[in-house]
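Contents: one structure, followed by commentary.
The values are calculated or read from the model by the stated rules, or taken from the named source; none is laboratory data. Small disclaimer: the values here were computed from a predicted structure and weren't measured. Cβ atoms come from the backbone with ideal geometry, glycine included; neighbour counts cover every protein chain shown. With ligands, DNA and RNA removed, areas are computed over all heavy atoms of the protein, side chains included. Shrake-Rupley method; radii C 1.70, N 1.55, O 1.52, S 1.80 Å.
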Amino acid sequence: MSEEQDVITGIEAPVYLKYNFTAGAAAARFLHQIKKGVLTGQRCPSCQQVYIPPRGSCAACGCPTEEEVEVADKATIQSFTIVTIPIPNNPIQPPYIIANLVADGANISFLHLISECVNEDVHIGQRVQALWKPEEEWDYAMDNIRYFRPIDEPDVPVEMIGKLPVTGWEGSADD
Amino acid sequence: MSQPEVLQQSFELGFTYTRSVGPVVGRFLTELRNRNIVGIKASDGRVVVPPMEYDPDTAEELSEFVEVGQEGEIVSFAWVKEPREAHPMDRPFAWAMIRLDGADVPMIHCVAANAESDVATGARVKAVWADETIGFITDIRCFELA
Ligand SMILES: [Zn+2]
């Protein structure tokens with residue numbers, strides 16, 4: 001064995017999984033709508049829950065969902081995490097916040113980024129709104145929304161998160 | 001609801017693992033970098049290539065490295081008609097269990113051949129080394145018919 005070179009102690013053993021993802025009818029419809037700057041979910045005919053992004057069926061009832069419902073680009077933080085560990089090949093530099101957000105008019109959360117905030121002040125129930133990319137950059141993609149940022153509205157109590165009408169929190173408070 | 005056009009997108013999920021190899025496999029890889037192939041002697045005297053850390057029968061720690069030949073015999077093989085992206089060759093080749101001279105168990109590697117009919121159980125093959133060796137199994141680029 002050569003004395004000149006170090007003994008091998010480790011190897012690179014990466015795994016790469018390459019997919020071709022087909023959106024399917026419900027997700028494709030959602031993506032066509034978001035290309036126009038509109039967030040569109042689907043309502044379950046049985047339990048009335050609005051899903052966004054829609055999957056074409058209700059996860060709770062198993063019913064096909066066909067009725068399309070526009071939801072707002074204002075949302076409430078349902079949960080969040082401050083990411084401090086860099087992820088290989090992720091262009092976003094930590095620390096950053098990823099959150100489960102429920103859009104006004106929707107009953108289920110989706111994941112997106114929170115920015116223009118003090119990370120330590122972000123909290124459950126906080127009101128946020130989408131910051132969209134310039135219209136000419138819109139594509140079939142959720143990142144047409146660059147991120148969500150806090151807005152000056154009162155917090156939503158935990159039991160109300162996911163139950164706001166499309167008119168929003170202040171709208172519902174006025175009812 | 002109108003039926004929109006089908007949307008498709010390719011994407012890649014990657015896990016950038018690194019693995020610690022330990023002293024036994026580490027020795028094997030270090031020897032490969034020097035263009036040597038070593039196995040390890042088991043309690044019953046069999047030479048196992050690539051070397052294993054513990055005896056298959058007694059579970060005792062093994063440490064007696066043995067250099068084996070760079071030629072050997074095909075014990076079994078599978079011909080790959082259409083290599084895939086991750087395969088070691090971009091033309092048809094064989095995955096083969098190769099028992100190297102001086103070894104008692106076969107190890108898997110690829111065999112370069114012009115045609116499936118050139119490959120046979122019992123055929124003699126020899127290691128072809130990569131131009132640059134780094135301490136990885138691909139330091140043996142492939143085996144070819146001897
Ligand atoms: Zn339902």
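Observations on the model:
- Scanning segment A:119-140 for residues that are in a loop (DSSP other than H, G, I, E, B) and surrounded by 14 or more Cβ atoms within 10 Å (Cβ to Cβ) turns up A:Val122, A:Ile124, A:Gly125, A:Gln126, A:Lys133, A:Trp138, A:Tyr140.
- Top-ranked residue in segment B:93-112 [being part of a strand (DSSP E or B) and open to solvent by 40 Å² or more (accessible area, probe 1.4 Å); ranked as farthest from B:Glu12 (Cα to Cα)]: B:Arg99
- Residue in segment A:7-30 that is among the polar types (S, T, N, Q) and touching a Lys or Arg at 6+ places or on another chain (Cβ under 7 Å) present: no
- Options A:Asn89, A:Asn100; residue that is polar (S, T, N, Q) and over 16 Å from the mean Cα position of the chain (by Cα): A:Asn89
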